[in-house]
Structure formats: C-alpha cells, structure tokens
Amino acid sequence: MIGKLRKLLSPMLSETEVLEDDTALDLAVAVLLVEMARADHHLADDEEREIRAQLEKAFGLAPDAAAQLVTRAHDAVEDSVSLHEFTRVVHEGMDYAEKQRVIAMLWQVALTDRNLDKYEDYLIGKVGELLYVQRGDVIRLRNRVMEELAASDG
C-alpha cells in the first residue's frame, strides 16, 4: 500500500518529503484505530494489541515501531479536536481499495471484544463518509470481518 504511494510521489518529492508523507499516513491511520478503540469509553488491552497487529500488517512495521506509532497516535488523539485532519490525510493519500482496508482495520479493532457498541458503529460510519467509502461497502466489510472472527473462534 505505502509502496505504491511512495512510487507515485517519488518523482515529484524529495526522499525526505516522501518519508514525511509516509509517516503522516501511518500516523493518521493509527489515530483512527486508537480513536476506534476509545469510542466505547473503554480501551482494553486486547484492542491495543489488535491496533499494533493491524499496523504491523498494513505498513510492514516491526513490533517496536508499531508500539511507538501507537504511542504517537495516543498523543495525537489527546491533542486533536477533530478527526478531519486525519481522515483528510488518509483520503488524499490512499486509493479506494486502501481506504476500504482502513475501514476493515477499524472493524477489526471495534469487534476485538466480539461486541459492537453503538458508538463504534457510528464512528466507523462517520469515518467511512469522510473517506468517501460507500455505505454498502462499509457494511459489507463489517460482515466480512464478523464472519472471519466467527470462523477463527471455531
């Protein structure tokens, strides 16, 4: 995902600018995941582990790098008044399929405890709107994640 973005931007930007853009995109996604975990007013250890696992997988990060990114995301959430600055970065930096992957990551975090809180459901819907992901795709992704979790539970 990031490789495609880097390849697309590299002719136009210096290496430093590309790395800064990558970091901003990573951080923006991490912030959305952290905000998702906080949506039900209870940040569980399982959700924190799931966020790190999702970031490792999506961005090819080592466990330590993912943990540092999550720490930075927590700080950014505390300093932010709105998710718009982060959804804008994701919207501008990703194509539709990548945005769908972000929505699936949000569902993974929301459903880590196998319980969908109304605030979690609302937040994913809102993020989907801000990323211009069709509501039908948001619901389809929720159903797919739920099926995958049910299959993994046995």
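The values are calculated or read from the model by the stated rules, or taken from the named source; none is laboratory data. Please read all numbers here as calculations on a predicted model, not as lab measurements. Note that we place each Cβ from the backbone using ideal geometry, even for glycine, and neighbour counts take in every protein chain shown. Quick note on the areas: whole protein, heavy atoms, side chains included, nothing else; ligands and nucleic acids left out. Shrake-Rupley method; radii C 1.70, N 1.55, O 1.52, S 1.80 Å.
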(message) Conditions first: (1) in contact (Cβ under 8 Å) with a residue 60 or more places away in the chain; (2) closer than 17 Å to Val31 by Cα. Leu131 passes all but one, so which condition is the exception?
(response) (1)
(request) Kindly check whether there is at least one residue in the range 32-50 that is more than 21 Å from Val133 (Cβ to Cβ), open to solvent by less than 20 Å² (accessible area, probe 1.4 Å), part of a helix (DSSP H, G or I) and at pLDDT below 90. (result) no
(message) Quick check on my filter: what residues within the range 34-82 are in contact with a helix residue (DSSP H, G or I) (Cβ under 9 Å, 6 or more places away or on another chain) and under 16 Å from Asn115 (Cα atoms)?
(response) Met36, Ala37, Arg38, Ala39, Asp40, His41, Leu43, Ala44, Glu47, Glu48, Glu50
(request) For the range 132-143, state whether one or more residues are open to solvent by 70 Å² or more (accessible area, probe 1.4 Å), modelled with pLDDT of 95 or more, of a type in the set (S, T, N, Q) and over 14 Å from Glu50 (Cβ atoms). (result) yes
(message) Among the numbered criteria (1) under 18 Å from Ala150 (Cβ atoms); (2) crowded, with 16+ Cβ neighbours inside 10 Å, which one does Arg114 miss?
(response) (2)
(message) Quick check on this structure: which one of Ala104, Ala66 is open to solvent by less than 70 Å² (accessible area, probe 1.4 Å), in contact (Cβ under 8 Å) with a residue 40 or more places away in the chain and among the small types (Gly, Ala, Ser)?
(response) Ala104
(message) Can you report the number of residues in the range 80-96 which are under 20 Å from Ala110 (Cα atoms) and surrounded by fewer than 17 Cβ atoms within 10 Å (Cβ to Cβ)?
(response) 2
(request) Confirm whether Val77 is within 20 Å of Leu130 (Cα to Cα), open to solvent by less than 60 Å² (accessible area, probe 1.4 Å) and either at pLDDT 95 or above or acidic (Asp, Glu) (or both). (result) no
